[in-house]
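Here, each number is a calculation from the coordinates, and none is a lab measurement. Please read these numbers as outputs of a predicted model, since none were measured by experiment. Note: ideal-geometry Cβ built from the backbone for every residue, glycine included; neighbour counts use all protein chains shown.
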Amino acid sequence: MNPRPEAYQMRLNERAVTLSQTAFLGFQPGDFEIGGREQFVYLINSGLNPDSKVVDLGCGVLRAGYWLIHFLNPDCYFGIEPHAGRLKMGTEAILEPGLIETKNPRFDTNPDFDTSVFGEKFDFFLAYSIWTHACKSQIKATLDSYVRDSKEESVFLTTYLPADEENPDYEGGIWFGTSHESDTQGCIFHSLDWISGECDRRNLNVTELGKDKTYGQSWLKISRRMP
Ligand SMILES: C[S@@+](CC[C@H](N)C(=O)[O-])C[C@H]1O[C@@H](n2cnc3c(N)ncnc32)[C@H](O)[C@@H]1O
C-alpha cells in the first residue's frame, strides 16, 4: 500500500496545475516540471555539486527548489520568498512529505533580497524570472547580496528580458508583476548596458548564456573578476 497522501501520487506537474486552480503561482503552470528542470540544468552546467550551497532568490512555489532540494545534500538549499502563501504551497503541496525533515532547506520571507539572514556564504545565487519583474534598485540589492554573501568562486545565475525599441528599459521604482503586495501580472525589460555597468561597478564579470527553451528568458552568469 502506498502510504503517501493522494496528492503525492500525482505527477509533479499535475500537482502544480491542481494548485493553480486555486491561486496564481507566479507563472502559468503548464511547464512547471520542465521549466524547473531546465533551471536545474543551468546550475549543473555551471558546476553545481551535491555539497554546493545555493540561495534561490524569489523561490516562489519551488519550481527549481523542488529539483535542488532533492539533489543537494542536507542544509544546502536556501530560499527567499516574501509571498508566504506561495512558499507554503511549495513546502506543503509541491515537495513530497518527509523531504523537509530529510534535507532541512531553510526559507526566509524578507522582501529586500537580503541573503545575510542565513549567516552563510553561498556557492550559487539563482534568480529565475526575478529581474523580469524587479526594478533597478532591487536588481542592485541582489548584486550587493551576491558580493557580500558569496565565496570567491561563486556564480550568480539570473534571467532578464532585454530592453529594445519596442520594450523600453524599465525606469519604474517598484516591482512589476505579482508578489506579496500585488496581484497584477506583467514583466519588464532591462538594458544589458545598464546591467553590465552595475556589474562593472562591483568588479563582476557578466556572461550571456542565451535563452532557455521553456520560457525564452535570457540567462546571465555573473562571477567575481579575479585579480
Ligand atoms: C515569476 S515568479 C518566479 C518564481 C521562481 N523563481 C520560479 O522560477 O518559479 C517571481 C517570484 O518573486 C517573488 N517576489 C516578489 N517580490 C519579491 C521580493 N521583493 N523579493 C523576493 N522575491 C520576490 C514573487 O512573489 C514570485 O514568487
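Charges only on Cβ, +1 for Lys and Arg, -1 for Asp and Glu: so what's the dipole of region 140-227 about the Cα centre, in debye to the nearest 20?
Details: 10 positive and 16 negative charges, 108 e Å.
Around 520 debye, computed over region 140-227.
Counting Lys +1, Arg +1, Asp -1, Glu -1, what net charge surrounds residue 64 among other residues with beta carbon under 10 Å of its beta carbon?
Working: positive: 37, 63; negative: 38, 56.
Neighbourhood net charge equals 0.
Straight-line reach from residue 151: which lysines have Cα under 29 Å away, leaving out those fewer than 8 places along the same chain?
Counting by Cα, and skipping residues close in sequence, residue 151 has these lysines nearby: 53, 103, 121, 136, 140, 211, 221.
Computed FRET efficiency, Cβ-Cβ of residue 213 and residue 102, R0 35 Å: what is it to the nearest 0.05?
Details: r = 31 Å, r/R0 = 0.88.
E(calc), rounded to 0.05, equals 0.70.
Working out 0.36 nm times the residue gap between residue 75 and residue 185, then minus their Cα-Cα distance, what length gain in nm do you get to one decimal? Mind dumping the intermediate values first?
Details: separation 110, 0.36 × 110 = 39.60 nm, distance 3.34 nm.
This chain segment gains 36.3 nm when fully extended.
Would you calculate the separation in nanometres between label points at residue 196 and residue 169, each defined as 7 Å from the Cα along the Cα-to-beta-carbon direction?
Taking the two extended label points, one gets 1.2 nm.
Can you pull out the trypsin sites (Lys or Arg not before Pro) in region 1-102 whose DSSP state is coil and whose Cβ has at most 13 other Cβ atoms within 10 Å?
Values: sites: 11, 15, 37, 53, 63, 86, 88; in loops: 11, 53, 63.
Counting only loop positions with at most 13 other Cβ atoms within 10 Å, the trypsin sites (Lys or Arg not before Pro) in region 1-102 are 11.
Which angle from 0 to 90°, rounded to the nearest 10, does the C-alpha axis of helix 192-201 make with the longest principal axis of the chain?
Between helix and principal axis, roughly 80 degrees.
Under a 5 Å amide H to amide H cut-off, with H placed in plane at 1.01 Å, what residues pair with residue 122 once short-range neighbours are removed?
150, 151
Given a Förster distance of 25 Å, report the FRET efficiency between residue 92 and residue 41 from their Cβ-Cβ distance, rounded to the nearest 0.05.
Numbers: r = 26 Å, r/R0 = 1.05.
FRET efficiency, residue 92 to residue 41: 0.45.
Give, in nm to one decimal, the length gained when the segment between residue 140 and residue 84 is fully stretched (0.36 nm per residue of separation minus the Cα-Cα distance). Let's see the in-between values first.
Working: separation 56, 0.36 × 56 = 20.16 nm, distance 2.34 nm.
Residue separation times 0.36 nm, minus the Cα-Cα distance, leaves 17.8 nm.
Using the crude model of +1 on Lys and Arg Cβ and -1 on Asp and Glu Cβ, and no other charge, please compute the dipole size for the chain relative to its Cα centre, in debye to 20. Each step should come with its number before you reach the end.
Numbers: 22 positive and 33 negative charges, 98 e Å.
Taking the Cα centre of the chain as origin, the dipole is about 480 debye.
Just 58, 98, 36 to compare: in a GNM of the chain, with alpha carbon springs under 10 Å, which one fluctuates most?
98
Choose one answer from 67, 194, 175: the residue with the largest mean-square fluctuation in a GNM of the chain with alpha-carbon springs under 10 Å.
Per the Cα network of the chain with a 10 Å cutoff, 194 tops the list.
Give me the percent of DSSP beta bridges within the chain that run antiparallel, rounded to the nearest 5. Write down the numbers at each step before the final one.
On the way: 13 of 30 bridges.
Antiparallel bridges: around 45 percent, rounded to the nearest 5.
Between residue 152 and residue 23, what is the label-point separation in nm under the 7 Å Cα-to-beta-carbon projection?
4.3 nm
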